[in-house]
Structures are given as structure tokens and as C-alpha cells.
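Below: the structure, in C-alpha cells.
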Amino acid sequence: MISSLSIGVLALQGSYDAHLQSLKRFSVNARLIHHAEDLASIDALIVPGGESTTMLELLKKTGYFWEELQQFVHKKPSLGTCAGAILLASNVENPTQDCLGALDITVQRNAYGRQLQSSIHDGRCKFDDSDIELVFIRAPKIVRTGSAVEVLAEHDGSPIWVKQGQTMAATFHPELTSNAIVYEKWLENIKPDITALLKF
Amino acid sequence: MQSDKENDAVRLKVGLAEMLKGGVIMDVTDARQAEIAQSAGAVAVMALERVPAQIRSEGGVARMAAPQKIREIMSAVSIPVMAKCRIGHFAEAQILQVLGVDYIDESEVLTPADDEYHVDKSAFRVPFVCGAKNLGEALRRINEGAAMIRTKGEAGTGDIVHAVKHLRNIRREIRSLTLLEDAELYSYAKNLQAPYHLVHLVAKSGKLPVPNFSAGGVATPADAALVRQLGAESVFVGSGIFMKDSVTFCSEAEAESRAKAIVRATVYFEDPKILLETAAELLGTMKGLATSQLVTGDLLQYRGAS
């Protein structure tokens with residue numbers, strides 16, 4: 001019997017509810033994170049899609065949440081999707097803004113354009129050629145990856161899903177599709193016995 | 001697996017609404033206001049020629065904002081930009097789509113262009129938000145292709161009473177739907193004047209198939225927390241941020257303090273200690289207009305076909 005994993009979803013703004021719903025497919029203990037002190041009770045964190053400027057403003061305003069969050073994502077496994085990927089990056093362009101530096105990547109915001117350029121594609125994972133559904137909404141682009149960063153999927157010649165240690169970032173929205181591969185790979189990375197986490 | 005293109009279009013429209021959840025969408029009339037809204041933490045801005053309070057006090061026909069005004073706002077901020085078209089004015093909507101706005105609000109705040117029909121929103125690639133006072137109205141708009149519903153308050157008044165009433169209406173109607181037997185849903189759909197497939201969907205899920213935000217009359221952080229606790233997933237704030245009264249703008253410092261406080265109250269809507277802080281940091285609030293003193297003809301929420 002393995003001990004259960006506690007996954008937090010940063011719930012300041014954005015698609016945190018969609019992530020919470022997606023996590024129901026796994027035998028993990030999922031909870032929403034509103035304050036710095038909530039971080040103490042979780043093993044890993046998801047930073048959802050939404051507006052990165054809004055989350056930045058809220059993180060910087062509410063006491064020491066920014067510093068505590070930075071410490072957390074540097075120590076513990078994290079997963080950032082879309083705006084979450086922007087927050088976890090080490091450099092952000094278009095425009096330049098603060099980020100947590102959990103992954104050695106440079107991210108360009110709104111790189112494909114506005115909502116009319118949002119799109120859904122069928123893609124393939126690099127590691128095993130399996131199917132992955134890619135939902136891009138006003139998506140950012142990963143324009144640089146450091147040497148410690150592994151690219152898990154690409155689209156149009158750019159990395160869209162990357163991993164460094166136990167932390168991952170995706171420029172698309174795994175929380176808006178029934179395709180669970182991003183969660184599976186991330187959780188497997190944290191707890192290799194993924195079959196024990198999967199709900200059947 | 002996902003080859004249905006029409007379905008994908010709907011998913012992308014609702015997907016953007018999903019990203020705006022838990023946030024505040026602020027009305028702005030120029031680039032400077034848009035910057036203030038963004039730096040205060042707005043998730044999106046609504047580009048307007050005049051805010052609802054001005055439209056109300058100045059009268060005249062209120063139309064889609066000038067394209068150069070919307071462009072100026074689009075280039076000033078990195079967050080999504082919405083713009084309003086008149087109810088039923090599909091040509092204004094076509095122009096806004098080509099302009100590249102991220103969301104169109106088919107809004108009763110502007111003077112309706114068609115008193116019988118709304119825009120066929122499913123024919124557009126840009127997502128639409130529409131207002132609703134009750135469940136039937138919400139489902140009719142969703143059936144026409146709206147990807148987000150905002151429960152109607154009375155825009156431009158700073159009076160929250162109608163936003164509360166309509167949020168409660170919709171929640172009550174949804175709750176009662178979930179108690180009905182399948183056989184009863186057909187007749188209930190007829191009474192709601194809403195399509196059966198949507199009525200059935202709501203009865204089974206206990207919620208609208210698209211995000212439900214609140215708009216109209218939100219003027220303070222406490223107002224934002226109130227509508228969030230009543231079930232609104234995000235909040236539209238119009239005149240409440242930048243107006244002193246229905247004619248004059250407040251100072252930038254005051255607008256900034258209101259914007260930040262409302263953003264924070266929208267996120268921490270269930271935490272009264274934080275709400276106290278947000279109320280205390282306000283530099284002032286819009287004077288407002290009590291809707292009970294308005295005659296029915298002055299109420300924007302009844303404009304256009306319901």
C-alpha cells in the first residue's frame with residue numbers, strides 16, 4: 001500500500017477547477033491552494049492556465065506568497081500549463097515580466113496571436129509516439145530550452161511540453177481534454193508506480 | 001478522436017471563458033485606463049467609447065466603439081480585450097471579429113439593433129458573451145452560440161440589487177430542474193422557452209454548460225464577493241472602477257485602489273478577513289443611482305428580445 005500523494009492546484013484565478021476535475025481520474029488527494037500556508041500540506045503543485053499578469057499581481061500583493069511559492073517550485077515537483085508555464089519559466093518575453101525560474105526555459109507570451117488564432121491539434125509525444133490532444137488558447141511559445149530541459153512534445157517546430165527533473169511545463173491545456181497523458185507522465189515522474197495512482 | 005471541427009470551435013470559445021474564471025473584467029474607455037486595469041490584475045478589459053453610467057446620463061444611441069479606440073486598447077495591454085456590439089447587430093459583430101477582439105459582448109447596454117432576434121453567434125469564430133435574467137434566457141443565448149453568460153444586473157448604476165436577483169433566479173431555476181423526473185423535463189423546457197437538449201443537460205449536470213459570470217451594478221469589493229458567493233464564476237465591473245459619479249471620472253489613484261481591491265475580493269470572496277482589508281483600502285466609491293428610483297423604461301436589462 002503506497003501512501004497517497006497530495007497535489008495542490010494554485011487557485012488564484014483561471015482553470016484551477018478544470019485541473020481539479022482532471023485529477024479525479026487518479027487516486028491522489030487534490031486540493032486548492034489559496035495561501036502560502038497551504039503549500040505546507042502538499043507534495044506537488046499545478047499552476048493552471050489563466051492570465052499570468054493577474055496571478056503575478058495577486059502573488060506579489062499577498063504577503064510572502066511569491067517567495068514561498070518560489071521556494072516550493074524549486075524544491076518540489078510542479079506542473080505549469082499555459083499561464084502556469086509562463087510563471088514557472090526563467091525568462092518571459094512579450095512583455096518581459098517576473099517569473100519563478102523553476103524551469104530553464106524562455107517563454108514568449110501570446111506568441112500565436114489573439115483568440116482567433118487559438119486552435120486544437122492532434123499531436124504526438126516524442127518519447128513513445130503516443131497521441132496527445134493539444135488545446136492552445138492564446139498560447140505562449142517556448143523559445144529557448146536550457147541543456148537540462150527535455151522536450152516531451154513539439155508542435156510546428158517548437159517545444160510545447162518540457163520537463164526538467166520532476167517539473168513540467170506545457171503551453172497547451174491538458175485540463176481541457178480527456179487525454180490524460182500529461183498528468184500520467186507528471187505523476188509517474190513523481191511516483192514511478194503510476195498504476196497504483198490510476199483509477200480503473 | 002477529435003475530428004468534429006464545430007465541436008472544437010465551441011471548446012475553444014468556452015476554453016477562453018474557463019481561463020477568465022475567478023477574475024475581474026473591467027470596462028475601459030482608453031489605453032491609460034486599460035493599463036491601470038491590467039496592472040491592478042484584471043483578467044480582461046472591455047473596450048468602450050463610454051462606460052454604462054455615461055451612456056445612461058448622456059442618452060442618445062449607444063453603438064459599437066470606434067475601431068481605432070478598440071485598436072488603441074488592444075495594443076496597450078497583453079490581456080484579452082472584449083468589445084460590445086448591439087443586440088442583433090451582426091454587422092458590428094463581423095467588424096469586431098475582423099478587428100481581432102478576443103470576445104464580443106452582445107450587450108443590452110448598447111441600443112438594440114433588433115428587437116426580435118439576437119446575433120447567430122455560432123456562425124462566428126470569435127466567442128460571445130450574453131446577458132440573462134433567468135434560466136430560459138440564458139439557455140436561449142447558449143443555443144444561439146454564446147460561450148459565456150453574464151447574469152444581468154442594472155449596468156451603470158452601482159446598485160447591486162438586480163445582479164443579485166438574477167443570479168438567485170438562475171440558481172433557483174437550475175436547482176429545481178435537477179429535482180424533476182425525465183418525463184417532466186419536456187414540459188419544463190416548453191415553459192422555459194428553451195431547447196430541450198440544453199434543459200436536459202442542465203438538469204443532469206446541475207449547472208450551465210458555459211461559465212456564468214456576473215455583471216451590472218458591481219461597485220465595491222464587497223459587491224464582488226457577494227455575487228461570487230451567490231455562484232458567479234467571475235465578475236464584470238463597468239462604471240464602478242473609473243467613475244466618480246455618472247458624469248466625471250475619479251482620480252487614477254482612486255481607480256487603481258478600487259480595481260486592486262475588487263480583484264482581490266473576487267479571488268478571496270470567502271475570506272471575510274481579506275474582504276475587510278479590501279474594503280478598508282478603498283479611496284472612495286462611485287456615487288451610484290438607486291435602481292428602485294428608475295422607471296421600467298430606463299432599465300437597460302429589458303432591452304432587446306429576451
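If you scan segment A:110-129, which residues turn out to be more than 23 Å from residue B:104 (Cβ to Cβ) and buried (at least 16 other Cβ atoms within 10 Å of the Cβ)?
A:111, A:123, A:125
Within segment B:205-228, is even one residue farther than 28 Å from residue B:130 by Cβ and not in a helix (DSSP H, G or I)?
no
Does segment A:61-84 hold any residues that are part of a loop (DSSP other than H, G, I, E, B) and within 14 Å of chain B (Cβ to nearest Cβ), and which are they?
If the condition is that a residue be part of a loop (DSSP other than H, G, I, E, B) and within 14 Å of chain B (Cβ to nearest Cβ), then A:62, A:63, A:82 are the ones that fit.
Here are A:171, A:177: which of them is within 14 Å of chain B (Cβ to nearest Cβ), within 29 Å of residue B:75 (Cα to Cα) and hydroxyl-bearing (Ser, Thr, Tyr)?
Only one candidate passes the filter, namely A:171.
Would you say residue A:36 is more than 19 Å from residue A:170 (Cα to Cα) and away from every other protein chain (no Cβ under 14 Å)?
no
Scan segment B:261-296 for residues that are among the aliphatic types (A, V, I, L, M), within 14 Å of chain A (Cβ to nearest Cβ) and in contact (Cβ under 8 Å) with a residue 40 or more places away in the chain and report the count.
6
For residue B:288, only one of the following conditions fails: (1) at pLDDT below 90; (2) on the phi < 0 side of the Ramachandran plot; (3) not in a helix (DSSP H, G or I). What is its number?
(2)
Only one of (1) at pLDDT 95 or above; (2) over 19 Å from the mean Cα position of the chain (by Cα); (3) within 8 Å of another protein chain (Cβ to nearest Cβ) fails for residue B:23. Which number is that?
It is condition (2) that residue B:23 fails.
Identify, from the list A:143, A:162, the residue that is on the phi < 0 side of the Ramachandran plot, more than 14 Å from chain B (Cβ to nearest Cβ) and surrounded by fewer than 21 Cβ atoms within 10 Å (Cβ to Cβ).
The unique qualifying residue is A:143.
Checking residue A:147 against (1) touching a Ser or Thr at 6+ places or on another chain (Cβ under 9 Å); (2) farther than 30 Å from residue B:45 by Cβ, only one condition comes out false. Which one?
Among (1) touching a Ser or Thr at 6+ places or on another chain (Cβ under 9 Å); (2) farther than 30 Å from residue B:45 by Cβ, residue A:147 violates only (1).
For segment B:197-213, indicate whether the set of residues that are crowded, with 20+ Cβ neighbours inside 10 Å, modelled with pLDDT of 95 or more and within 26 Å of residue B:54 (Cβ to Cβ) is non-empty.
Yes, the conditions are met somewhere in segment B:197-213.
Considering only segment B:33-103, give the helices (runs of 4 or more DSSP H) lying wholly within it that have at least 3 residues that are within 14 Å of another protein chain (Cβ to nearest Cβ), at pLDDT 95 or above and crowded, with 24+ Cβ neighbours inside 10 Å.
By residue number, no helices (runs of 4 or more DSSP H) qualify.
When only residues in segment A:46-72 that are of a type in the set (Val, Ile, Thr) and surrounded by fewer than 24 Cβ atoms within 10 Å (Cβ to Cβ) count, which is modelled with the lowest pLDDT?
So, considering only residues that are of a type in the set (Val, Ile, Thr) and surrounded by fewer than 24 Cβ atoms within 10 Å (Cβ to Cβ), the one modelled with the lowest pLDDT is A:62.
Take the residues in segment A:39-60 that are in a helix (DSSP H, G or I) and of a type outside the set (A, V, I, L, M), then tell me which one is farthest from the other protein chains (Cβ to nearest Cβ).
Filtering segment A:39-60 for residues that are in a helix (DSSP H, G or I) and of a type outside the set (A, V, I, L, M), the one farthest from the other protein chains (Cβ to nearest Cβ) comes out as A:41.
Go through segment A:85-108 residue by residue and tally those that are within 11 Å of chain B (Cβ to nearest Cβ) and buried (at least 23 other Cβ atoms within 10 Å of the Cβ).
Here the count works out to 1.
Hey, could you check segment A:1-21 for residues that are within 12 Å of chain B (Cβ to nearest Cβ) and of a type outside the set (A, V, I, L, M) and say which is surrounded by the fewest Cβ atoms within 10 Å (Cβ to Cβ)?
That would be A:21.
The values are calculated or read from the model by the stated rules, or taken from the named source; none is laboratory data. Treat the numbers as computed from the prediction; the structure is a model and nothing was measured. For neighbour counting, all protein chains shown are included, and Cβ atoms are generated from backbone atoms with ideal geometry for every residue, glycine included.
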